[in-house]
Amino acid sequence: MPVKNREVAAGAFRDRWAVITGASSPVGLAVATHLMSVHGMRGVLHCRAHRRPLVQLVERLRRQGLDVPVLITQADLADPRALERWIAYVRRQVDHVGVLFFNAANFYKTPWAQMKWRDFLRMMTLHGWAPIRIIQKFYEKMEPPARVIFMVDAGIEQGYPAYAAYTASKAVMAHWTRLLARVLSPWVTVHAIAPYWIRREDEASEPVLLRITRGEPASLVTLLRAVDLILEGGGAMTGQVLWMDSGRWLG
Ligand SMILES: NC(=O)c1ccc[n+]([C@@H]2O[C@H](COP(=O)([O-])OP(=O)(O)OC[C@H]3O[C@@H](n4cnc5c(N)ncnc54)[C@H](OP(=O)(O)O)[C@@H]3O)[C@@H](O)[C@H]2O)c1
């Protein structure tokens, strides 16, 4: 994706910080690239283990002329002590936060009948506790227009029995979306995006469509359009889950 000249990126979010958890994932990399190169934002890019994709991304964007400040950070956000250390570090580095994008996730099997407390706790900490704790510590640094965006999953509506801890803990994010939209209004708007399947650029569409009996998977491009809508859509739109799942949540 070409880097837009910062002089051209004159939108309301330019030069504000975007904090992106799980920025090392395909979705995180795409969103981080978009917010920095198109919206001219500064970036706090977080990963748990895979720092290399972030370093490579920043090197590539620098070669293309991006000159915004970028901070690469690493922490296991399912560990409450590591979470507190990460928050304290990032708080010292940033002011004027424009976007908090909660993308970090751990998707592994926890069949409901065999689910262990330890797995449930880790998922609840990563998807439920870490976002609210980060918002508690950052909302005073957010200035309007500012956005909180949660990456949830269309599976939260009915739940995936084989991934019970994942869908239950992701459902907490949808609850935070509604609760926080009310308490942070009108300074900050709060949004959730709920795909069923995000097709990556390197995935052929046919095998994916064979697995999905109804509808079309979301692509990274449509996801970025949703992010633009959230950023540019004004303050009236808040507290909603944007379902990108071809209507699956309807049953
Ligand atoms: N992909 C899909 O089809 C799909 C469908 C529905 C919803 N979603 C949602 O969309 C988002 C992105 O999906 P994705 O497939 O791109 O995700 P992914 O590839 O599974 O990446 C997960 C990200 O979260 C980070 N992470 C994992 N465990 C963590 C922990 N304990 N502490 C901190 N960070 C942690 C990873 O960091 P490291 O790379 O450093 O390990 C990585 O950056 C997720 O929130 C997911 O729930 C995705």
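The values are calculated or read from the model by the stated rules, or taken from the named source; none is laboratory data. No experiment lies behind these values; they were computed from the predicted model shown. All Cβ positions, even for glycine, are placed from backbone atoms using ideal geometry, and neighbour counts span all protein chains on display.
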Can you tell me how many residues in the range 133-155 are surrounded by fewer than 16 Cβ atoms within 10 Å (Cβ to Cβ) and under 18 Å from Trp176 (Cβ atoms)? 3
Could you go through the range 76-95 and let me know if any residue there is away from the ligand (no atom under 16 Å from the Cβ) and closer than 27 Å to Arg199 by Cβ. no
All but one of (1) closer than 22 Å to Ala171 by Cα; (2) buried (at least 22 other Cβ atoms within 10 Å of the Cβ); (3) not small (Gly, Ala, Ser) hold for Tyr108, so report the exception by its number. (2)
Name every residue in the range 136-153 that is in a helix (DSSP H, G or I) and farther than 18 Å from Val31 by Cβ, in order of residue number. Gln136, Lys137, Tyr139, Glu140, Lys141
For the range 113-120, state whether one or more residues are away from the ligand (no atom under 13 Å from the Cβ) and either within 13 Å of Val44 (Cα to Cα) or touching a residue at least 12 places away in the same chain (Cβ under 8 Å) (or both). yes
Counted residues in the range 24-57 being within 14 Å of the ligand (Cβ to nearest atom), among the aliphatic types (A, V, I, L, M), over 17 Å from Ala130 (Cβ atoms) and not in a helix (DSSP H, G or I) come to 0
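Yes/no per residue for (1) under 24 Å from Tyr166 (Cβ atoms); (2) part of a helix (DSSP H, G or I); (3) within 19 Å of the chain's Cα centre (by Cα); (4) hydroxyl-bearing (Ser, Thr, Tyr):
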{"site": "Gly65", "(1), (2), (3), (4)": "no, no, no, no"}
{"site": "Arg81", "(1), (2), (3), (4)": "yes, yes, no, no"}
{"site": "Arg91", "(1), (2), (3), (4)": "no, yes, yes, no"}
{"site": "Asn106", "(1), (2), (3), (4)": "yes, no, yes, no"}
{"site": "Ala113", "(1), (2), (3), (4)": "yes, no, no, no"}
What's the number of the condition Val183 fails, among (1) crowded, with 23+ Cβ neighbours inside 10 Å; (2) assigned to a helix (DSSP H, G or I)? (1)
When you look at Arg60, is it modelled with pLDDT of 95 or more, buried (at least 16 other Cβ atoms within 10 Å of the Cβ) and basic (Lys, Arg), yes or no? no
Does Phe101 count as within 12 Å of the ligand (Cβ to nearest atom) and either buried (at least 17 other Cβ atoms within 10 Å of the Cβ) or more than 16 Å from the chain's Cα centre (by Cα) (or both)? yes
